[in-house]
Amino acid sequence: MRVLFLRRIFALSFTRDNHLHYRKMKTINLKTAAIAALFGIGLLSGCVNRTANQNTSDDMKTLNLTQAWDKTFPQSDKVNHSKVTFTNRYGITLAADMYVPKDASGKLPAIAVCGPFGAVKEQAAGLYAQTMTERGFLTLAFDPSYTGESGGEPRYVVSPDINTEDFSAAVDFLATNDKVDPEQIGIIGICGWGGLAINAAAADPRIKATVASTMYDMSRVSANGYFDADDSAEARNALRKTLAAQRTEDFRNGFPKPGGGVPDELPADAPQFFKDYHAYYKTPRGYHKRSLNSNQGRNATEAIPFINFPLMSRADEIENAVLIIHGEKAHSRYFGEDAFKKLKGDNKELMIIPGANHTDLYDNLTVIPFDKFEAFFKSNL
C-alpha cells in the first residue's frame, strides 16, 4: 500500500518523480518521501497604476475578472471591496481584490498580500487582507503572474524574478493610490510567498514592513529536497535531466504538462501533514475552482528556475522590519527559522505559534496572530 501510494504521488509529481531513486527511498522514512512527493505536485506544487475606478473595460474583458463574491470566507460588512488591476515591470497585468475600511478618511497604511504558493487570492490571502482591513489598513490581495485571474502565458508557471517583481508591482499600485500613504506600505507572504516576500523586501526599500507567514524557501526545497535530503550535485543533476526531458516533451506537444494538485483521495496511512493539505485544498473549507493545489497544480517543470536562483541571498541587507511566523508543529518550520538567522537588526522577529501546523496559519482565526500583525505594522509603517 505504501509503495503504491508513493508511486501514485510520483506519477503526479513534476520535480522529484525520477529524482528520488529507489535506493534512497530505503534510507528515508515514508513521511519524508511523501513530503518530497507532495510538494513536487504543486505545493512545490508597474506600472500603470489603476485605482478601482480606473479599471478599463478592456482589462476586465482580457482578464475576465469575476465580480461576484467567490471567496472561501464570508464577506465582511466592515470593509468595501473592489476588483483592481495593475501591470508589473514585465508588462503582465495582475488582478487583485482591494479592501478599504468603511468610513476611512485621510491617507491609509497599506498592505499587499499573496499566497499560499498553490492558492489564489480568494483563499488565504484574501482572508488575511480582509481581516487586516477590519483593523484599519487598506489591503490588496493579488494573484501572481500566470495564476488565477492575473495575466501571463503560458499559465501556471513560476519565476523567482517575476514573482518577486509581483510584490513590487503591488507596491507601485499602492504607492500611487490616492487613498494610501506611500511611506506606509507593507507586505504579507504566505507559504511559498513568504520567502518571496523576504526576497522582495531585500530588493525594494519602499516595503517598510514584511510578514512571512508559515513560509517556504522555494529555491531551497526545489534544489535540495525536503530537509535538504537531496542536497548534492548528483541529485540535482538527476533532477535537471528529468526536467530537461519534460520540457522537450512539452515543446513537442505544444503545451506544458500539469504537475498535478493535491490528490482527491488519500490512503489511510498518509502522513498527517498530507491530510492537513487535503483538508484545506480539497474540501469546502479551502477549495477554489481556480486554485492550483485544489486542481491540476502548476506545470511539471516548475522547479527549473528555483534550482539555480536561490532566494533571500541578500536577506541580511534588509534594513526594514521583518516578522516571521511559524507553527510549532509545521513541517516547514525550519524554513522560517533558517531565514530568520539570515536577518540582521533589532527590528526582526520570529514568532512560533504553540501547537499550530502549517495550514493552521492559512485560515484558522484562532491561531493566526492578527493582533501581533496589527501591532507589528502599526509600529513599523
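Rule-based calculations on the coordinates, nothing more; no lab input. Predicted model, so just to flag it, every value in this text is computed and none were measured. Positions of Cβ are backbone-derived with ideal geometry, glycine not excepted, and every protein chain shown enters the neighbour counts.
Observations, loosely collected:
- Kirkwood Rh and Cα Rg combined as Rg/Rh, the range 69-145: 0.97
- Shape of the range 159-213, Cα gyration tensor, a/c cut at 1.5: prolate
- Applying both filters, DSSP loop and at most 15 other Cβ atoms within 10 Å, to the trypsin sites (Lys or Arg not before Pro) of the range 258-332 gives Arg285, Lys289, Arg314.
- Cα Rg, Dmax (largest Cα-Cα span) when computed across the range 202-266, Å: 16.9, 46
- Once the gyration tensor of the Cα atoms in the range 223-307 is diagonalised, the equivalent ellipsoid follows with semi-axes of 27, 19, 10 Å, ordered largest first.
- Sorted into 5 angstrom bins from 0, the C-alpha pair distances of the range 275-381 split as 2, 10, 15, 16, 19, 18, 13, 6, 1 percent.
- FRET E, pair Ile352, Asp178, Förster distance 45 Å, beta-carbon r, rounded to 0.05: 0.70
- Within the range 111-208, the ratio Rg/Rh, alpha carbon atoms throughout and Rh by Kirkwood, equals 0.94.
- Local charge for Asp70 was computed over the other residues whose Cβ lies under 14 Å away, with Lys and Arg +1 and Asp and Glu -1, and equals +1.
- Alpha carbon convex hull of the range 195-236, projected area averaged over orientations, nm²: 3.4
- Highest-first arrangement of 78-90, 335-347, 160-172, where packing means the average Cβ count within 10 Å: 160-172, 78-90, 335-347
- Using the empirical formula 2.2 N^0.38 Å as the baseline, the Cα radius of gyration of the range 139-271 reaches a ratio of 1.28.
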